[in-house]
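Structure first, commentary second.
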Amino acid sequence: MNVEGCFYVNATLEKLMLDELRNACRPGMVGGFLPGVKQIANVAALPGIVGRSVGLPDVHSGYGFAIGNMAAFDVNDPLSVVSPGGVGFDINCGVRLLRTNLWEKDVLPIKEQLAQSLFDHIPVGVGSKGIIPMNARDLEEALEMGMDWSLREGYIWAEDKEHCEEYGRMLNADPAKVSMRAKKRGLPQLGTLGAGNHYAEIQVVDEIYDKWAACKMGIEDKGQVCVMIHSGSRGFGHQVATDALVQMEKAMKRDNIETNDRQLACARIHSEEGQDYLKSMAAAANFAWVNRSSMTFLSRQAFAKQFHMAPDDLDMHVIYDVSHNIAKVEEHVVDGKPKTLLVHRKGSTRAFAPHHPLIPVDYQLTGQPVLIGGTMGTCSYVLTGTDQGMLETFGSTCHGAGRALSRAKSRRNLDYTEVLDKLDQMGISIRVASPKLVMEEAPESYKNVTDVVNTCHAAGISKKCIKLRPIAVIKG
Amino acid sequence: MFKRKLSALNYPQVDSLNTSDENEVKKVILWLEENKIKKYKPESRQNIRNINSSEWKKSYDKYKQDLACPIKSDVITDELDWFIKYALELEYNSKKATYEKHTVENLKSASTPNVIAANPLDHLDFGGKDFESGVKNLAQILKISPHPNPLITLKAISKVVCNRLSRNAIEKPNDFIIKGTPFPFEDANLGFDLGDVLLNRAAKILTLLYIQNLRDLQTKSNELIVAAQSITANPKTDTKLGKVGK
Amino acid sequence: MEDILEEDLTLPPCKYEYLDHTADVQLHAWGDSLPEAFEQCGIAMYGYMTTLSTVEIKEVREIEATGHDLESLLYHFLDELLFLFSCEPFLICSKVVITEFITEGEDFRIKCKCYGEEFTLGKHPQGTEVKAITYSAMQIISEPEHNKFQVFVIIDI
């Protein structure tokens, strides 16, 4: 190992983490991925890594890197690598939060209609296609311009861009580095929510921990209504990642890069494969931002129709938009010296401290808002970045709940009608494309998001600001 | 090509000069040395005076070296050009004061008619006691804390008058008064510590002013985007492309 | 596009199952030959996307996949099937028939006919979206002497 590996847990999460390890070490176990603990260690052994290989509290095993792993590589070290496994297949999967000036009492009487209206506007689930007309040329432009494309075409507001990581556009995106196959897969899916753990939720503010920070985000009091969108780059990002893995296996042989696990395919940052991946990854990131922007547009339409008011009058501003599967070049202080790092965040959210130049002017005093999406029927959180996080985790924190049960186990142990009934009893309207699979996404299948968030808060790597509770869920 | 420069130096045979004749060029160089450049004392100029001597070339090379002439050309007129420029430079420097009277700036100011300002403010004595106390009174009326420099106080007054006391602002004050929730300035995290309460306070104020500046800039950028959108934007959806809802 | 014959409409028996895995799902398929195990694995993947009994056979498409070994051949075979679904012609299949199966020499190759129809919301229930095929824990068991042909693949969902 080149650096230390570490992970943040509380007692409950520690047990889950060690159970995963114990299970994987049982004799005769031929499993898919290595357990998270081992994966964190393998990442710590990659060439050029600096600081620590950090597991966030929601960590669980994934392809190569664990999901919930942050690792940073020194850009000026010629041996340093970039790894698609450290970004994840769903490039720039992320969460966006919109606020409204509505209160729970305004929404409750028409909750069902509103949920249906959202469901009628946003294409969800396997095989759904986007309803914003686009041709191949539009796609090329969108890949290059990111949210600037959505702005130019008028799907979003100027202020949306302001409140988005990277201002919704990675400038190094190069659509020419993306395969035809990825573009073909991407075109019909742009503007669709997807399936799995992706969702759009109507939420209400349940608790405010930091009044001033909340007020900077336009959140005044408990009961205020928000909309959360959790989605990514769909098939496009997956194809980009798949294509890169093939290229990198070749590059690894050529450059004699040795890793502890074959799934940790990587290439030197400054090699052709490394640069090509970063350029196509940036294009996929732009795809994801346009995707979330299109759904922002559709959500505003849905609300506007139900309330017979313009989205402006409903004050439907984007509070923030975070990516939790991405690699970015950032400046950080390592051992007292400034360094340029390529920070991989897989299932990990950027959480920059107050006064950081890369966060929007509105959040200069509070720190960057960090959006933590819960799972179907559980709470979501807004955190803010801290100085301690900058030092310990290069400004990174958790991303969500993280799976605890396998999908098959969820299907065996839970009954979908029971899951739906339970949501109904909790007062949550649900519209789902594949109800029979709803138990795979039931809260019981995931780690407790409150445990995860509290651990980050206690460790000081981010600070609790707002708690949100869902009242309607739209998903694939 | 050397006519203007040589006549400026008052060379006597300007009109009849034939630069393709090497002997004539040599004569010009000699004249320049004897009348303008004066590198050598008159008694040591003998060697370059012998224009027709076979040794002349040698003396000339020595002369060039002594003058640190950078030109290394086979064409003697190139060198002539340099000698003339060198002579002109010496001439100019010796009578700098005389020549500078004739520069464009000086000529212009002399010929512009002197306009008498109609604006009474131009006659104000900004350093005078009257001005200082006037500004102070005005500041008191507008409830602005005065700065030791009355000009800075005046600037602040002008800002308040333009932003809040314009006709529009008086008619619709709500459009002009910035609304916002006060932020607990004392609790705000500065991000660094200067080790001195007063310095920290000052740094905090500077930070907040900087943030406000940045906010103005961002608002202007947003306005620009919106203006561009009015030309480019045409959002549409087509539900025939994909099926939504059930 | 070819015509569909009567015999194309008969569906093969089901020789696959879904196994337990943390974030994803593992397909386990078997058959009396390796091509059959591959075919079954393809159907297993489609079966995760919708209820196969709702799929009518109206269309047939031919795909080709190559690989440098058995694993990469299986990977690319499934990837081609996924691609067929992900964009034009958006085909969901209830039957796949491998017509050519070359596993010798430099390039391993599969040619395959895929029977199904365009995925239509409303007609076909939405299952889970398969995002990618993975090599992780991939196993291909080919033991002709025991008549044992099995494949294990984890798909990313």
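The values are calculated or read from the model by the stated rules, or taken from the named source; none is laboratory data. Because the structure is predicted, anything quoted here is derived from the model rather than measured. Cβ atoms come from the backbone with ideal geometry, glycine included; neighbour counts cover every protein chain shown. Accessible surface areas use protein heavy atoms only, side chains included; no ligands, DNA or RNA. Shrake-Rupley method; radii C 1.70, N 1.55, O 1.52, S 1.80 Å.
Nonpolar atom fraction for the stretch C:25-156, defined as the carbon and sulfur part of the 1.4 Å probe accessible area, stands at 45 percent. Buried area at the C:A interface is about 3200 square angstrom, summed over both chains, from accessible surfaces computed with a 1.4 angstrom probe. GluC sites (Glu not before Pro), restricted to the stretch C:25-118: which are DSSP loop and have at most 15 other Cβ atoms within 10 Å? Counting only loop positions with at most 15 other Cβ atoms within 10 Å, the GluC sites (Glu not before Pro) in the stretch C:25-118 are C:56, C:104, C:106. Taking the empirical scaling 2.2 N^0.38 Å for compact globular proteins as reference, the stretch A:243-318 has a Cα radius of gyration ratio of 1.85. Against the longest alpha carbon principal axis of chain A, how many degrees, from 0 to 90 and to the nearest 10, is the axis of helix A:180-189 turned? Approximately 20 degrees, to the nearest ten.
The interface between chain A and chain B buries about 2700 Å² of solvent-accessible area in total (1.4 Å probe, ligands and nucleic acids excluded). Take the protein assembly as shown with all the other protein chains still there, run a 1.4 Å probe, and you get 46 Å² of accessible area per residue. Of all DSSP-defined beta bridges confined to the stretch A:1-159, some 55% are antiparallel rather than parallel.
When both bridge partners sit in the stretch C:25-156, DSSP labels roughly 95% of those beta bridges antiparallel. Taking the empirical scaling 2.2 N^0.38 Å for compact globular proteins as reference, chain B has a Cα radius of gyration ratio of 2.11. Using the Cβ-Cβ distance between residue A:106 and residue A:209 with R0 = 30 Å, the FRET efficiency computed as 1/(1 + (r/R0)^6) comes to roughly 0.80. So, counting K/R as plus one and D/E as minus one, what does the shell of residues with Cβ under 12 Å around residue C:72 add up to? Local net charge: -4. Counting every alpha-carbon pair across the stretch B:137-246, the share separated by more than 16 Å comes to 79%. Under a Gaussian network description of chain B, with springs only between Cα atoms under 10 Å, the residue in B:126, B:176, B:185 that fluctuates furthest is B:185. With a 1.4 Å probe rolled over the protein heavy atoms of all chains, the accessible area of A:289, A:157 falls in the order A:157, A:289, largest first. Pairs spanning more than 27 Å between alpha-carbon atoms, out of A:38/C:15; C:113/C:148; B:143/B:204: A:38/C:15.
Sorting B:102, A:324 by solvent-accessible area of protein heavy atoms yields B:102, A:324, largest first, with a 1.4 Å probe.
In deg cm²/dmol, rounded to 500, what helix-only [θ] at 222 nm does chain C give when every DSSP H run of at least 4 residues adds -39500 (n - 2.57) and the total is split over its residues? Can you show the working numbers first?
Values: 2 runs with 33 residues, N = 157.
Mean residue ellipticity at 222 nm (helix-derived): -7000 deg cm²/dmol.
Compared with its chain on its own, the stretch A:357-389 contains the following residues whose accessible area drops by 50 Å² or more in the full protein assembly (probe 1.4 Å; ligands, DNA and RNA excluded): A:361, A:365. Helix A:136-145 axis versus longest C-alpha principal axis of chain A: approximately 70°, rounded to the nearest ten.
Normalising by residue count, chain A has a Cα convex hull of 131 Å³ per residue.
Summarising the label geometry, the points placed 7 Å from Cα in the beta-carbon direction at residue B:165 and residue B:21 lie 8.3 nm from one another. As a fraction of the 1.4 Å probe accessible area of the stretch B:179-241, surface on carbon and sulfur atoms comes out at 62 percent.
Relative to the current alpha-carbon distance between residue B:197 and residue B:218, full extension at 0.36 nm per residue lengthens the span by 4.4 nm. Once you treat every alpha carbon in the stretch A:22-158 as an equal point and sum by Debye, what is log10 I(q)/I(0) at q = 0.10, 0.15 Å⁻¹? Debye curve over Cα of the stretch A:22-158, log10 I(q)/I(0) at q = 0.10, 0.15 Å⁻¹: -0.65, -1.01. Would you please state which residues of the stretch C:64-87 a label at residue A:262 would reach in this model, taking the label point 7 Å out along Cα→Cβ and a backbone N cut-off of under 19 Å? The answer is C:66-79.
Residues within the reach of a label modelled at residue A:15 (point 7 angstrom out along Cα to beta-carbon, backbone nitrogen below 15 Å), restricted to the stretch A:396-428, are A:404-405. For the protein assembly as shown, DSSP calls about 90 percent of its internal beta bridges antiparallel. Between residue B:5 and residue B:43, residue separation times 0.36 nm minus the direct Cα-Cα distance comes to 10.9 nm. Surface listing: A:391, B:9 arranged by accessible area from highest to lowest gives A:391, B:9, probe 1.4 Å. Computed from Cα atoms, the angle from the helix A:272-307 axis to the main principal axis of chain A rounds to 10 degrees. Between residue B:151 and residue C:100, the simple spin-label model (points 7 angstrom out along Cα→Cβ) gives 8.8 nm. Over all directions, the projected convex hull of the C-alpha atoms in the protein assembly as shown averages 59.2 nm² in area.
Using the rule -39500 (n - 2.57) for each DSSP H run of four or more residues, divided by the residues of chain A, the 222 nm mean residue ellipticity is -11000 deg cm²/dmol.
Taking every DSSP helix (H) stretch of at least 4 residues in chain B, weighting each as -39,500 (n - 2.57) and dividing the sum by the residue count yields a mean residue ellipticity at 222 nm of -17000 deg cm²/dmol.
Shown for the stretch C:25-156 is the translational diffusion coefficient from the Stokes-Einstein equation, using the Kirkwood radius over Cα pairs, a temperature of 20 °C and a viscosity of 1.002 mPa s: 145 µm²/s. Solvent exposure of residue A:187, expressed as accessible area, is near 50 Å², computed with a probe of 1.4 Å over the protein chains only. I want to make sure I understand the PRE zone here: with the label point 7 angstrom from the Cα of residue A:79 toward its beta carbon, which residues in the stretch A:33-51 have backbone N atoms less than 20 Å away? From the stretch A:33-51, the list is A:40-51.
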